[in-house]
Amino acid sequence: MASPTTLDGKVSLGTGGRDAAPVKARSLPRISGKGLAKVAAMVLPPLVVLAGFLLFWEVACSHPGAGLPPPSRVVSEAWPIIVDPFFDNGGTDKGLFWHISASLQRVALGFALAAIGGILLGTLVGQSEWAMRGLDPIFQVLRTIPPLAWLPLSLAAFRDGQPSAIFVIFITSIWPIIINTAVGIRNIPQDYRNVAAVVRLNPLEFFFKIMLPSAAPYIFTGLRIGVGLSWLAIVAAEMLIGGVGIGFFIWDAWNSSHISEIIVALVYVGVIGFILDRLVAGLGRLVTRGTSAA
Amino acid sequence: MAHLDLSQVGISFTRAGRTTEVLRDVDLKIAKGEFVSIIGHSGCGKSTVLNIVAGLLKASTGVVLLDGREVSSPGPERAVVFQNHSLLPWLTVRENVALAVDKVLARKKSRAERSAWIEHNLALVNMMHAADKRPNEISGGMKQRVGIARALAMEPTVLLMDEPFGALDALTRAHLQDQLMDIHVRLKNTVIMITHDVDEAVLLSDRIVMMTNGPSATIGEVLTVPMARPRKRLELVEDKDYVHCRAEVLEFLYARHARPALAA
Ligand SMILES: Nc1ncnc2c1ncn2[C@@H]1O[C@H](COP(=O)(O)OP(=O)(O)OP(=O)(O)O)[C@@H](O)[C@H]1O
Ligand SMILES: [Mg+2]
């Protein structure tokens with residue numbers, strides 16, 4: 001086989017597919033002194049570090065003329081948007097909930113399209129030597145283009161912010177999905193192909209019954225990276241396209257010098273990004289239960 | 001006309017510009033219901049022969065005929081029991097068998113009949129108790145039994161087995177050999193089985209095909225095993241024919257066609 005240039009390495013997140021936390025969580029029901037100590041050992045360190053960080057921040061930014069507000073002022077200034085994320089005064093003057101849900105809708109649509117397109121293209125590239133040779137170099141170039149660089153082009157093509165933002169999500173998150181799917185397809189053991197050949201599965205059956213389940217661990221690695229990139233891209237894209245969305249909210253707050261609101265929004269962005277990542281990882285674990293162990 | 005007919009089968013592989021001839025002039029005729037073993041030193045080309053019959057590899061020269069028709073692609077009428085069982089790890093035991101049955105017998109049997117047929121084949125290899133387990137939850141011997149059930153469930157005219165018991169301990173192996181003999185007596189399939197084990201070959205086979213060493217391996221000798229069926233392993237130990245056949249095969253493998261060098 002021609003030595004694969006870039007597709008051979010499985011692109012993976014630093015933490016890998018399996019996390020220690022859920023395994024430990026499963027042993028929780030036995031509430032004993034030992035169990036509680038375990039929970040404390042997991043929860044305490046981040047709490048301590050967080051408290052230390054907030055304290056440092058408070059001290060460092062309390063003096064007059066500090067560039068950033070201290071945490072206490074962030075909470076007091078941004079209190080209205082913290083306690084009521086659901087208000088809607090029309091236009092773009094809405095609560096954080098509405099901004100985040102608008103952003104999530106764009107991500108959901110763009111990411112879903114990227115997942116479908118990425119899995120199909122990845123299958124093609126993984127399955128056919130010819131498609132690999134033809135498409136891989138193009139993909140390798142395209143995937144290095146920063147997400148926002150696509151925005152002007154998509155605005156020109158779609159003439160509207162909404163589809164442009166969705167396109168940016170799509171084009172940002174599709175590459176890791178393609179690449180990981182292709183690696184997964186390429187790694188389908190010959191044995192499985194032989195089984196499929198002997199029972200004469202047709203190409204469609206082969207795709208659904210052999211390829212997808214066999215490559216699922218790889219596909220989910222790609223999806224997990226992709227969803228992270230989507231979330232990175234949407235915030236940036238929304239700053240430029242305007243309308244309702246968490247990115248626009250941040251940009252708008254900056255323009256009206258509401259630094260405290262920016263900080264609250266950033267906390268939301270981080271937490272949502274984390275949840276998205278865990279969601280896809282958890283789904284992957286659920287789907288590949290049988291496959292990954294073998 | 002023979003049921004399965006290999007004539008002048010040869011195959012060469014080209015790797016990195018170098019062509020090696022693995023098989024040359026393999027001629028073999030197998031009658032319906034016959035149990036034939038192929039034995040030979042590791043790397044001589046046994047699996048290659050089997051894969052050509054299965055249609056998974058294409059012969060460079062010669063043809064394989066099944067009931068007079070040329071074999072050109074894999075198909076369920078030549079079901080394979082793979083050396084490493086090749087179960088799909090994301091499916092349960094029952095689903096692994098069902099994948100084959102639902103595809104192969106979709107036209108022949110109704111849904112209810114297929115479902116009963118799956119259970120029947122699982123029962124045949126005594127795997128009903130673990131039907132809902134996944135392959136990584138069962139032992140090696142059990143996986144091999146599922147592989148056999150899956151192959152048998154396709155109602156093959158020829159059953160191809162590549163060292164089906166190779167990776168098993170002696171006790172499990174003996175047990176599965178007995179089950180296989182039992183199944184063969186009942187279903188009267190034509191079977192080609194590859195093995196490394198001389199006793200296994202003599203116990204199970206009607207004929208033993210002994211292959212010469214590669215490259216350009218071919219059939220060195222074919223030995224007919226005359227003992228009547230059903231065969232009982234304990235009674236055979238003293239049997240004149242059994243001892244004779246065993247000696248013949250050992251003689252072929254270790255005197256006349258000893259493995260050239262154990263360098264590999
Ligand atoms: N696809 C291939 N390309 C190149 N050479 C091959 C290929 N398949 C098999 N060979 C060569 O053909 C020879 C026979 O291989 P084969 O797997 O048939 O041996 P075998 O008799 O089944 O051995 P074993 O008993 O160890 O399973 C080996 O030397 C192997 O290297
Ligand atoms: Mg072999």
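The values are calculated or read from the model by the stated rules, or taken from the named source; none is laboratory data. The structure displayed is predicted, hence computed values, not measured ones. Counting neighbours? That spans all protein chains shown, and the Cβs are built from the backbone with ideal geometry, glycine included. Calculation scope for accessible area: heavy atoms of the full protein, side chains included, ligands and nucleic acids excluded. Shrake-Rupley method; radii C 1.70, N 1.55, O 1.52, S 1.80 Å.
Annotations for the structure displayed:
- Most to least accessible of B:Glu163, B:Glu155 (protein chains only, probe 1.4 Å): B:Glu155, B:Glu163
- Averaging the sequence gap over all C-alpha pairs within less than 8 Å and six or more residues apart, then dividing by the number of residues, gives chain A a relative contact order of 24 percent.
- Gap separating the Cα centres of region B:118-175 and region A:56-74, nearest whole Å: 70
- Nearest-ten-degree value, helix A:129-142 long axis tilted from longest Cα axis of chain A: 20
- Rounded to the nearest whole Hz, the Karplus-based 3J(HN,Hα) values (6.51 cos²θ - 1.76 cosθ + 1.60, θ = phi - 60°) of region A:178-186 follow the sequence 4, 5, 5, 4, 4, 5, x, 5, 5, with x at glycine and proline.
- Per-residue accessible area (protein heavy atoms, 1.4 Å probe) orders A:Ile119, B:Ile183 as A:Ile119, B:Ile183, starting from the largest.
- Most simply put, region B:146-264 has about 50% antiparallel DSSP beta bridges, counting only bridges with both residues inside it.
- When B:Tyr254, A:Tyr268, B:Tyr242 are compared by accessible area of protein heavy atoms, the largest-first order is B:Tyr254, A:Tyr268, B:Tyr242, using a 1.4 Å probe.
- GNM flexibility winner over chain A from A:Asp136, A:Asp88, A:Asp191 (Cα, springs under 10 Å): A:Asp191
- The convex hull drawn around the Cα atoms of the protein assembly as shown, when projected onto a plane and averaged over every direction, covers 36.5 nm².
- Surface calculation, 1.4 Å probe, protein heavy atoms: A:Lys94 sits at approximately 40 Å² accessible.
- B:Val80 accessible area, assembled protein chains, probe 1.4 Å, Å²: 10
- Of B:Lys109/B:Lys133; B:Lys103/B:Lys143; B:Lys103/B:Lys188; B:Lys46/B:Lys108; B:Lys32/B:Lys58; B:Lys32/B:Lys133, those spanning more than 28 Å from alpha-carbon to alpha-carbon: B:Lys46/B:Lys108; B:Lys32/B:Lys133
- Nearest 10 degrees, 0 to 90: helix A:246-255 Cα axis against chain A principal axis: 40
- With Rh defined as the Kirkwood radius, the inverse of the mean 1/r over Cα pairs, the Rg/Rh of region A:72-113 is 1.14.
- Calculated on C-alpha atoms, the gyration radius of region A:100-245 divided by its Kirkwood radius gives an Rg/Rh of 1.06.
- Partner aspartates and glutamates whose Cα lies under 17 Å from the Cα of A:Lys38, excluding those fewer than 8 positions away in the same chain, are identified as A:Asp19.
- Beta bridge orientation in the protein assembly as shown: antiparallel %, DSSP, nearest 5: 55
- Only DSSP H runs of four or more residues enter the estimate; each adds -39500 (n - 2.57), and after division by the residues of chain B the mean residue ellipticity at 222 nm equals -10500 deg cm²/dmol.
- For A:Trp254, the accessible surface of its heavy atoms amounts to roughly 140 Å² (probe 1.4 Å, protein chains only, rounded to the nearest 10).
- Neighbour-limited loop hits for trypsin sites (Lys or Arg not before Pro), region B:155-264 (at most 13 other Cβ within 10 Å; DSSP other than H, G, I, E, B): B:Lys188, B:Lys232
- Across A:Ile100, A:Ile275, A:Ile174, mean-square fluctuation computed from a Gaussian network of chain A (C-alpha pairs under 10 Å connected) peaks at A:Ile275.
- Gaussian network model of chain B, Cα within-10 Å springs - most flexible of B:Ala31, B:Ala153, B:Ala201: B:Ala31
- A DSSP coil position with no more than 16 other Cβ atoms inside 10 Å describes the following chymotrypsin sites (Phe, Trp or Tyr not before Pro) in region A:50-127: A:Phe86, A:Phe87.
- Note on region B:1-103: Rg/Rh from C-alpha atoms, Kirkwood Rh, equals 1.01.
- Rounded if a/c under 1.5, otherwise prolate or oblate - chain A, Cα gyration tensor axes: oblate
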